[in-house]
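Scroll down for the structure; my scribbles are underneath it.
The values are calculated or read from the model by the stated rules, or taken from the named source; none is laboratory data. This is a predicted model, so every value here is computed, not measured. Cβ sites come from the backbone with ideal geometry, for glycine too, and all protein chains shown count toward neighbours.
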Amino acid sequence: MTLVPTVSRLAIVEDESGIRGMLCELFSGEDDLEVVAAAGSVEQALDPLRSMRPQVVIMDINLPGMSGIDGVSVLRAMLPEAQFLMYTMHDEDDSVFEALKVGANGYLLKSASPAELLRAVREVLQGGAPMSAYVARRVVSHFQRSGVAQELPELSSRENEVLMLLADGLLYKEIGSRLGIAVGTVKQHIHRIYEKLHVQNRTEAVNRYFGR
């Protein structure tokens with residue numbers, strides 16, 4: 001029997017038609033990725049995304065009408081299972097942290113290479129939190145200035161270990177390997193962490209971990 005590869009559905013919200021076309025062309029060459037919607041604004045994307053239910057939304061920040069950051073806030077409520085990858089020229093602290101606070105799962109600068117973008121999309125599909133190296137350094141620097149993370153009393157010792165590794169940006173399989181447990185067990189721990197902390201995603205959980 002020939003196995004059919006799993007294809008992940010992507011959506012692109014980018015107002016520059018040239019960049020939007022470049023992204024569509026890039027993903028069209030990948031057997032495991034398919035662009036099911038592409039729009040120039042959040043407003044134009046609402047109906048296609050509601051019907052196509054993409055697993056990853058690649059979102060610019062500086063968009064006509066609603067900004068990409070506000071767009072993530074709106075679309076996350078509509079697509080709770082989707083992963084949101086910011087793809088933007090903006091590397092200012094305010095933009096980065098506002099995007100993460102509303103639930104963005106990754107933050108990639110447009111200076112990233114096509115290979116880096118493909119790797120980021122696959123990483124976010126696996127539960128990772130991809131960031132351009134420059135952005136990641138600023139996030140780490142911010143947390144270092146703000147204080148050291150502490151264990152949360154609501155969580156068990158194992159759950160605190162899992163959350164610490166989530167905060168380090170590890171994928172589920174990497175957490176499992178580090179702790180010597182199955183990926184399914186990692187997912188169960190993360191589900192319980194989210195329930196106990198009353199959060200919905202990695203970013204909100206990590207913010208709790210760092211006392212934000």
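Yes or no: GLY169 of a type in the set (Gly, Ala, Ser), at pLDDT 75 or above and farther than 16 Å from GLU98 by Cα?
Against the criterion (of a type in the set (Gly, Ala, Ser), at pLDDT 75 or above and farther than 16 Å from GLU98 by Cα), GLY169 does not qualify.
Of the residues GLY103, GLY65, which is in contact with a Ser or Thr (Cβ under 7 Å, 6 or more places away or on another chain) and surrounded by fewer than 15 Cβ atoms within 10 Å (Cβ to Cβ)?
Matching residue, one of GLY103, GLY65: GLY65.
Are there any pairs with C-beta distances below 7 angstrom linking a residue in segment 175-204 that is among the aromatic types (Phe, Trp, Tyr) to a residue that is surrounded by 15 or more Cβ atoms within 10 Å (Cβ to Cβ) and part of a helix (DSSP H, G or I), with the two at least 6 apart or on different chains, and if so which?
These pairs meet every condition: TYR194/ALA205.
Looking at ALA11, ALA38, which is the one that is of a type in the set (A, V, I, L, M), at pLDDT 90 or above, surrounded by 19 or more Cβ atoms within 10 Å (Cβ to Cβ) and more than 15 Å from the chain's Cα centre (by Cα)?
Result: ALA38 is the single residue among ALA11, ALA38 that is of a type in the set (A, V, I, L, M), at pLDDT 90 or above, surrounded by 19 or more Cβ atoms within 10 Å (Cβ to Cβ) and more than 15 Å from the chain's Cα centre (by Cα).
Restricting attention to segment 53-62, which residues are surrounded by 15 or more Cβ atoms within 10 Å (Cβ to Cβ) and over 16 Å from ALA77 (Cβ atoms)?
Result: GLN55, VAL56, ILE58, ASP60, ILE61.
Out of VAL139, VAL124, I need the residue that is under 23 Å from HIS90 (Cα atoms) and at pLDDT 80 or above. Which one?
After applying the criteria, what remains is VAL124.
Just name the residue that is nearest to the chain's Cα centre (by Cα) out of those in segment 161-173 that are buried (at least 18 other Cβ atoms within 10 Å of the Cβ) and more than 21 Å from SER132 (Cα to Cα).
Ranking the candidates gives LEU163 first.
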